[in-house]
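The values are calculated or read from the model by the stated rules, or taken from the named source; none is laboratory data. Note that the structure is predicted; figures quoted are calculated from it, not measured. Cβ atoms come from the backbone with ideal geometry, glycine included; neighbour counts cover every protein chain shown.
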Amino acid sequence: MGRCYGLILACMMLLLVPLSAVAQEMKFPRGSFTLTTDLTYAHTFDDVADIPAMQVGFNYFVFDNISIGGELTGYGVFQEEGDDAVAVGFSLVVRHHFLRWDRASLFADASFGPFEANTDVPPTGTRFNYVTRAGLGMTYELDPDLYLYGGAHYFHLSNARLEGVEHNPQMNGVEFYFGLMWPL
């Protein structure tokens, strides 16, 4: 479990890399917005579930190349034991494009938000949980008004001990995502 928290900490540190560290052309100026849509797939480390999802999101750049936004997510949860589930979630997202090239950028992001399913996820858990993600990704400019983007996250789902320590099973895994981003 310590490795997972180390990965989250490393990604959070990348969010703090000074903007002056890279002197390329600014891709995402302060005050701009982006809209996103992507497909994700998470597989848990203990092989208890596969979790595909579809997301739509928005981001507002509070500083050059650093945004805060939100993502609305529809999940399918295919559990090895217990019933499969469908769920919806909303996450707050912080993203920092810390390296930029002519047509691409490398970013770190982290998100956190509630998750509500139609059945218990995992089967010994609860319907209401939280999802935490942290990872790295990349954008590639297809056109000034359209980017491809994708990456990988550490994925964590649990109910944050809302029903006590003894009723807080969790799911941890790797999530991959791929989608489109439109600057506004």
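Just give me the residues in segment 49-69 being closer than 17 Å to residue 110 by Cα, part of a strand (DSSP E or B) and in contact (Cβ under 8 Å) with a residue 40 or more places away in the chain, in sequence order. Within segment 49-69, 55, 63, 66 meet the criteria.
Hey, does segment 146-153 have a residue that's farther than 25 Å from residue 78 by Cβ, surrounded by fewer than 16 Cβ atoms within 10 Å (Cβ to Cβ) and free of Cβ contacts under 8 Å to residues at least 24 places away in the same chain?
no
Does residue 50 qualify as being closer than 19 Å to residue 154 by Cα, at pLDDT 95 or above and more than 15 Å from the chain's Cα centre (by Cα)? When the stated conditions are applied, residue 50 passes them. Looking only at residues that are of a type in the set (A, V, I, L, M, F, W, C) and either buried (at least 21 other Cβ atoms within 10 Å of the Cβ) or more than 19 Å from the chain's Cα centre (by Cα) (or both) in segment 105-124, which one is nearest to residue 65 (Cα to Cα)? So, considering only residues that are of a type in the set (A, V, I, L, M, F, W, C) and either buried (at least 21 other Cβ atoms within 10 Å of the Cβ) or more than 19 Å from the chain's Cα centre (by Cα) (or both), the one nearest to residue 65 (Cα to Cα) is 107.
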